[in-house]
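Structure first, commentary second.
Each value in this text was obtained by applying a stated rule to the coordinates, not by laboratory testing. Only a predicted model underlies this, so the values are computations on that prediction, with no experimental measurement involved. Virtual Cβ from ideal backbone geometry, glycine too; neighbours counted across all protein chains shown.
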Amino acid sequence: MQSTLSLSFSPSSSAAAVSRSHTTRFSLNTSTPLNLRFCGLRPQALAFNASGNHRSSKLPSRPRSQAISAALSANGSPPKFFDYDLLIIGAGVGGHGAALHAVEKGLKTAIVEGDVVGGTCVNRGCVPSKALLAVAGRMRELQNDHHLKSLGLQVSAAGYDRQGVADHAINLASKIRNNLTNSMKALGVDILTGFGKILGPQKVQIGSSDKIVTAKDIIIATGSVPFVPKGIEIDGKTVITSDHALKLEFVPDWIAIVGSGYIGLEFSDVYTALGSEVTFVEALDQLMPGFDPEIGKLAQRVLINPRNIDYQTGVFASKITPARDGKPVRIELIDAKTKEPKDTLEVDAALIATGRAPFTQGLGLENIDVVTQRGFVPVDERMRVIDSNGKLVPHLYCIGDANGKMMLAHAASAQGISVVEQVTGRDHILNHLSVPAACFTHPEISMVGLTEPQAREKGEKEGFEVSVAKTSFKANTKALAENEGEGLAKLIYRPDNGEILGVHIFGLHAADLIHEASNAIALGTRIQDIKLAVHAHPTLSEVLDELFKSAKEPPEYSSSSGRLGHIQKPVVGNRWKETTDSHGMNSRGVLDVVLSLFLSFFSAFQRCLASMLHFSN
Ligand SMILES: Cc1cc2nc3c(=O)[nH]c(=O)nc-3n(C[C@H](O)[C@H](O)[C@H](O)COP(=O)(O)OP(=O)(O)OC[C@H]3O[C@@H](n4cnc5c(N)ncnc54)[C@H](O)[C@@H]3O)c2cc1C
């Protein structure tokens, strides 16, 4: 059966009235131009056109739910007819992304949520943490006298109201949660409340009731929870996880952060901006172990060393006892390799940021013969669930943190979209090497693809050379205008064919800048092509422009003319091949640096002269 949505928007309210009928038509009524955008909801999904004029459009006809004859494993036979085309267990970002795409593709879709819509990202992750980081960023600016003076600004002492900051994070989470819920409701996704348990093939029990729902395809999107190592006692007040820290119930004078991955690092940015002293406890030999080592080093120089942060690496927190009876939090450290006792810290609070554990208990995986691996649901590259015999479980997929492939919000959502593409008849494999990641410190760190050591290892195995190009933010006009020249962009590529293997950025708005590189990797764009892209001046995007231009083209593309600058030759269709004298491009970067140094000397000289004149008067 096909169902349809008919949405009416009143200009005064964004609330949408939804009704179902039997023709697949969207009709939208709005008399004022609408520029509505719910989180992750594309306007087209609501059949808006850009000008906001209403129109009716036909949704792609939904593949009809049908009886499945596939040989299915034990634990109950598959139903003949289904309540839904697609049932998603877990309404986090992954489930939400899948649900929106599914209705766009015409699937009758339901999503089951055992807690609150939005999952980790919206309620206990990306969203509230970015609200706190936004405050941290402003505090840093207001406290940075040197920076303010260099811009000619004077600001009296900056302060903050802890509850006000906490409320900002809470309110943002609640706003985004409502947007997510409304976007699904508006599109006709049924939101079923309760804990979903798989009873057998294509059958899910909702909550503890007798309600059983059947679906042709099922996606597990149950996410993750903070991982707390043995020996650590969480009291939610003085020994906390990110779930508690995001509520900002207090700002400790001294906090130990156990784990220096991106979550720990972001919290160190927040706490130090709000006045705390931070001690990192890291089991590996270096801080920020997941980052490209060169970017990690620079990040340490800017984000750790000058701040009120110290650290111990190569140590495990073997036991942590919360503060009680007037005693501080006690952290017992052992050597990560020898396991010998190393040190004891006494601090006001400890934040445990040692990673995330998949949330897959009680899901009924045993009913379909699936055995988790350290809690993660095993999947193939198409997110199809694999059973204990290594066989694919028909019509069952797992996306997001629960499969552990890449524990990021947008990766979860992209995996969900990829699954929907598959179940609607278009084969699709998500290239995880094209999925960007970012750490929202001040300044930000972002990355896509391989780190330099990973690329070199791959090159050695597969027999290709690896080259590296770099550009500094110091040569970028926009960064210098903001007085934020501290930054580096690094490109790792194959000189033989121009393939982009990885891009890493540390600097102002790095999280926004990375997408040009991730899209290039996703679309297979090579150095020789992306070099020709044009960037507005003056923008931070020119950092990437410089980066791509400073890379050497594969031999068949490089110029033999020996002239500086660009020579454009038509290649195929409307694509142009550029032959660039790399010396010419590098000179441009060098000239920019020289010019900016000259300008800063000149302005220092002017200031000096002005003060001499002032004194001589
Ligand atoms: C502090 C912090 C900051 C972060 N910052 C970022 C960031 O800036 N960018 C980024 O990309 N990622 C970030 N992440 C990671 C991101 O939050 C996760 O990768 C993302 O939320 C995973 O989405 P998901 O849909 O797989 O799972 P989740 O968001 O965890 O959602 C799973 C949902 O399933 C529900 N559920 C579980 N089991 C069942 C069941 N059996 N039945 C019904 N419902 C069930 C849960 O209640 C939950 O609502 C951050 C994480 C943290 C902790």
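Descriptive notes on the structure:
- Percent of Cα-Cα distances greater than 16 Å, calculated over the range 173-297: 75 percent
- Relative contact order of the range 239-354, pairs being alpha-carbon contacts under 8 Å that are 6 or more residues apart, as %: 34 percent
- Rounded Å value of the spacing that divides the Cα centres of the range 199-230 and the range 325-344: 39 Å
- Antiparallel %, DSSP beta bridges [both residues in the range 155-283], to 5: 60 percent
- Rh by Kirkwood over Cα pairs, then Stokes-Einstein D for the range 493-552 at 1.002 mPa s and 20 °C, µm²/s: 183 µm²/s
- Translational diffusion coefficient (Stokes-Einstein; Kirkwood radius from C-alpha pairs) of the range 318-386 at 10 °C, 1.306 mPa s, in µm²/s: 101 µm²/s
- Unsatisfied cross-links (Cα-Cα over 27 Å) in the set Lys478/Lys552; Lys461/Lys552; Lys339/Lys490; Lys149/Lys478: Lys339/Lys490
- Dipole-positive endmost among Gln528, Leu547, Ala517 within the range 433-555 (Cβ charges, Cα centre): Gln528
- Antiparallel bridge percentage (DSSP; both residues within the range 239-354; nearest 5): 45 percent
- Ranked by how many other Cβ atoms sit within 10 Å of their own Cβ, fewest first, the residues Tyr160, Tyr262, Tyr84 fall in the order Tyr160, Tyr262, Tyr84.
- Over 24 Å apart at the Cα level, from the set Lys80/Lys108; Lys297/Lys319; Lys230/Lys342, are Lys297/Lys319.
- Largest first, the three principal axis extents of the alpha carbons in the range 414-561 are 50, 40, 29 Å in whole numbers.
- log₁₀ of I(q)/I(0) at q = 0.16, 0.17, 0.18, 0.19 Å⁻¹ - the range 239-354, Debye sum with one point per alpha carbon: -0.70, -0.79, -0.89, -0.99
- Among residues other than Glu346 with Cβ under 11 Å from its Cβ, the summed charge is -1 (Lys and Arg +1, Asp and Glu -1).
- Peptide packing for 302-314, 536-548, 454-466 was compared via the average number of neighbouring C-beta atoms within 10 Å per residue; ordered from the highest value, the list is 536-548, 302-314, 454-466.
- Shape class for the range 73-213: prolate, because the ratio a/c of the largest to smallest gyration tensor axis (alpha-carbon atoms, square roots of eigenvalues) is 1.5 or more and a/b beats b/c.
- Anchor Lys175: aspartates and glutamates whose Cα lies under 15 Å away (excluding residues fewer than 8 positions away in-chain): Asp167
- Pairwise label distance in nanometres, Arg426 with Asn497, each label 7 Å out on the Cα-Cβ vector: 2.5 nm
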